[in-house]
Each structure stands twice: as structure tokens, then as C-alpha cells.
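Below is one structure, written out as C-alpha cells; comments come after it.
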């Protein structure tokens, strides 16, 4: 079955649950929430879901392998580049004295590119959807690509510049759609789908991508 040494199995007993739920964390841990007390029964369920679990773990490992190395590579517009391919960033990194300085140069690079690229794309979709934020902000977010609050303030993560234009456009449309639907209901997703082909597939892809 699973090599628990490499993929720890964490079991959380939930007596009120009707079913057993399994999820894979970003750290590669297998989290099980279950009303079952019998370990053999739990392992039988894991065995039945083995192909699904292995698929999720393989996807997670592949995404890790594709992660750029700070100071050597940079993810930009959906692809990994060597620093030599981005001369302006490369020049600054070469003279950096610490990893913190290198990271600072990376984030400044993404901020500059975001301010050059994102405002016009946001304006395009805002006109197309007839949904206009009261304020648009661009900042670095640690775990989210964007947000929209009840005041009509839409915030976009400057690290979106790591993504392909397909993913960037999805995030823009997604957050603008929240100006009409402050939820993720079927009406919300239908609205997003009006302006983006294949929105379900794009949404699934983004679930496996995190800002780095």
C-alpha cells in the first residue's frame, strides 16, 4: 500500500461525520477525517482510493520539481526562465549580498511587471463585464491570487506574473465576478464561464498552483 515513511497518514476521528474524507496536503501528508474507529476498516478505504491518492501525490511531486530555484531561475508568464534570460533582474541578483535581498529583487521585478501588465487587462474585462471596482490594488499576497471585498475593493497579487496569461485572465474575471456574486455559487461560476472558455479546467489547474 502506501509508504507512510514518505507519505504520512494522519487520521482524525470525527464521530459525527457520516462519511470518510481524504485530502492531500501541500506537504504530501494524507489527511483522513472519519467516524470509523477500526484501523483495518480505514486502511481498506485507503486501499480503495489508492489510485486517486497516488495520482494526487504524483501531481504534487511534479509541481515541486518545476519550482524555480531562488537566485538561478524565475517563473514568469507561465514558464521558468534562467536569470540570464532576464538581464535587468539578473544584474541586481548578481550583486545581492543575501537571499533576503535576492527575494526582494524578485518581488520588485514582479511588482514592476504587474503594474505594466495588469491594469490594462483588468480595465478590458471590467468594460466587457460591465463590473467596475471602486478601487483596484496590487500587492504581494502569500497564499491567494486575488480578493474582492464588500466595499468593491479588488486586490490582485503581483505574483500573478508567475502565471500564464490564461491563468491571469481567469483570476481577473474571477475577482470581478465577485462584484456581482460574493460567493462561489453556480451563478458565480456561470458568470465567469460567460467570459472565459474552459473555466472549469482553468480553475482546476489553479488549485494546484501556489505563489512562490
TODO: Pull up the range 1-26, narrow it to residues that are closer than 23 Å to residue 208 by Cβ and not in a loop (DSSP other than H, G, I, E, B), then point me to the one that is modelled with the lowest pLDDT.
DONE: 24
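Residue-by-condition table, conditions (1) assigned by TED's automatic domain parsing to the domain that holds residue 88; (2) touching a helix residue (DSSP H, G or I) at 6+ places or on another chain (Cβ under 9 Å):
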residue: 117; (1), (2): yes, yes
residue: 131; (1), (2): yes, yes
residue: 141; (1), (2): yes, yes
residue: 159; (1), (2): yes, yes
residue: 169; (1), (2): yes, yes
residue: 174; (1), (2): yes, yes
residue: 179; (1), (2): yes, yes
residue: 197; (1), (2): yes, no
residue: 212; (1), (2): no, yes
TODO: Please determine, by comparing only the residues of the range 183-212 that are outside any helix (DSSP H, G or I) and crowded, with 16+ Cβ neighbours inside 10 Å, which one is farthest from the chain's Cα centre (by Cα).
DONE: 196
- [ ] Please enumerate the residues belonging to the range 150-165 that are under 20 Å from residue 183 (Cβ atoms) and in a strand (DSSP E or B).
- [x] 153, 154, 155, 156
Open item on the list: Under 6 Å between Cβ atoms, which residue pairs at least 6 apart in sequence (or on different chains) link something in the range 113-128 that is in contact (Cβ under 8 Å) with a residue 60 or more places away in the chain with a partner that is assigned to a helix (DSSP H, G or I)?
Closed with: 125/172; 125/173; 125/176
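Residue by residue, here is whether (1) part of a helix (DSSP H, G or I); (2) at pLDDT 80 or above holds:
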residue: 58; (1), (2): yes, no
residue: 64; (1), (2): yes, no
residue: 68; (1), (2): no, no
residue: 90; (1), (2): yes, yes
- [ ] Would you mention how many residues in the range 103-149 are touching a strand residue (DSSP E or B) at 6+ places or on another chain (Cβ under 7 Å) and assigned to a loop (DSSP other than H, G, I, E, B)?
- [x] 6
Open item on the list: Any residue that is under 23 Å from the mean Cα position of the chain (by Cα) and on the phi > 0 side of the Ramachandran plot - is there at least one of those in the range 94-105?
Closed with: no
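The values are calculated or read from the model by the stated rules, or taken from the named source; none is laboratory data. Just so it is clear, the model here is predicted, and its values are computed rather than measured. Methodologically, a virtual Cβ is constructed for each residue, glycine included, from the backbone with ideal geometry; neighbour enumeration extends over all protein chains shown.
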